[in-house]
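See structure below.
Please treat every number below as a calculation from the coordinates, not as lab data. On a predicted model such as this, the values are computed, not experimentally measured, just so you know. Note: ideal-geometry Cβ built from the backbone for every residue, glycine included; neighbour counts use all protein chains shown.
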Amino acid sequence: MRYQFKFRPYQRRFLRSLTTNHGKWDIREGIILRLTDETLRVGWGEIAPISWFGSETLEQALNFCHQLPGEITDEIIFSIPDELPACQFGFESAWEWGVRSGVDDLITPHSSLLTSNSLFYSALLPAGETALNQWETLWQQGYRTFKWKIGVNAIADELEIFDSLIQTLPAFTKLRLDANGGLTYEEANLWLRTCDNLKANPELPLEIEFIEQPLPVEQFQGMLELSTSYETAIALDESVATLGQLAACHQQGWRGIFVIKPGIVGSPSRLRKFCHQHQIDTVFSSVFETAIARLAALQLAAELSQNNRAIGFGIDHFFEQEETWFQTLWNDL
Ligand code: MG
């Protein structure tokens, strides 16, 4: 099969900038691509790299798109090198989109599939104290699982805010702590001990679900050790950004949680194969993609999620309205 290939770079400004241990992030940049097959079936795809997280850069992705001919084949789509995981995802999911949709179905990304059920989503709280005034709005929108970034400010301050957060969050809330690799070994121990103590308290009406990526990627052994020393679960995120890393961590004995960001992990078909083979405990998570990559990512999450874990796509409150944005991007094509 041959496909007509078109692409368009995009920029979206966050309504409020995103602060993690990796720094501040103000503008999400990526590429929307469109494949049209010989029967005029259309598939949309999105390349949404995060190079500081382990994917290719936007520039590398753009270069890859620019050097492709206007007409491409299945062979091209399925032989994108592993160094371009966000491209693998974008092209393969556009290909799948075309296959999934009916022949006369010119699907645009306004489908009802995109309306989220917040109950199954984890909502991202802003770092620092701001979290204390933010959770309530999100709770009212139906969210019951929250993620809070740690490793951003001094640990003493964060432990204090954490304490207030624990006191104020309603019963049956689940809380995830994401350090983005920003803790020292001692700090990680302190957080895990704090969480274990809370866990041991039968009065505590909420659940600390896990601590995400406490240590930098290079300190895998440290995290492996921590994961067997505490009750509180640990999830790897930065350590398993791409399929190759994921397989390596699994091979080295990681049996904790794996955060999978479909947008940058690489080929969806190979991800499916790996998950089916190894039955790993996964949490699917967003890379602040638009509705296009999100549709493909949610599809994968629905297929491959286990253990009923909320998926990390509760990020709508970080962007302006989706449809307006998309129409502006493609209208002049
Ligand atoms: Mg994370």
Give me the percent of Cα-Cα pairs in segment 222-301 that sit more than 16 Å apart, rounded to a whole number. 49
Cut-off under 5 Å, modelled amide H: who pairs with residue 210 long-range: 177
Pairs of alpha-carbon atoms within less than 8 angstrom and 6+ residues apart define the contacts here; what relative contact order does segment 117-210 have, in percent? 28
Spatial extent of segment 163-214: Rg and Dmax, with the Cα atoms as the point set, Å: 11.3, 31
If I build a Gaussian network model for the chain, linking alpha-carbon pairs within less than 10 angstrom, which residue out of 56, 38, 136 has the largest mean-square fluctuation? 38
Summed residue charge, Cβ within 14 Å of residue 59's Cβ, Lys/Arg positive, Asp/Glu negative: -3
What relative contact order, as a whole-number percentage, does segment 112-318 give when Cα pairs under 8 Å and 6 or more residues apart are counted? 19
Taking Lys and Arg as +1 and Asp and Glu as -1, residues besides residue 238 with C-beta under 12 Å from its C-beta add up to -3
Note the full-extension length gain between residue 76 and residue 203 as 0.36 nm times their separation in residues minus their Cα-Cα distance, in nm to one decimal. 40.0 nm
Springs between alpha-carbon pairs under 10 angstrom, Gaussian network model over the chain: which of 172, 220, 162 fluctuates most? 172
Of the convex hull drawn through the C-alpha atoms of the chain, the volume per residue in Å³ is 128
Per the rule of 0.36 nm per residue minus the C-alpha distance, extending residue 153 to residue 308 adds in nm 52.7 nm
Set of lysines near residue 149 by C-alpha distance (under 27 Å), chain-local residues within fewer than 8 positions excluded: 24, 174, 199, 261
Let me have the 222 nm mean residue ellipticity of the chain computed from DSSP H runs of 4+ only, each contributing -39500 (n - 2.57), with the sum over all residues rounded to the nearest 500. -11500 deg cm²/dmol
Return the distance in nm (one decimal) between the two label points of a simple spin-label model at residue 218 and residue 189, each offset 7 Å from Cα along Cα→Cβ. 2.1
Identify which of 57, 228, 20 has the largest mean-square fluctuation in a Gaussian network model of the chain, with springs joining Cα atoms closer than 10 Å. 228
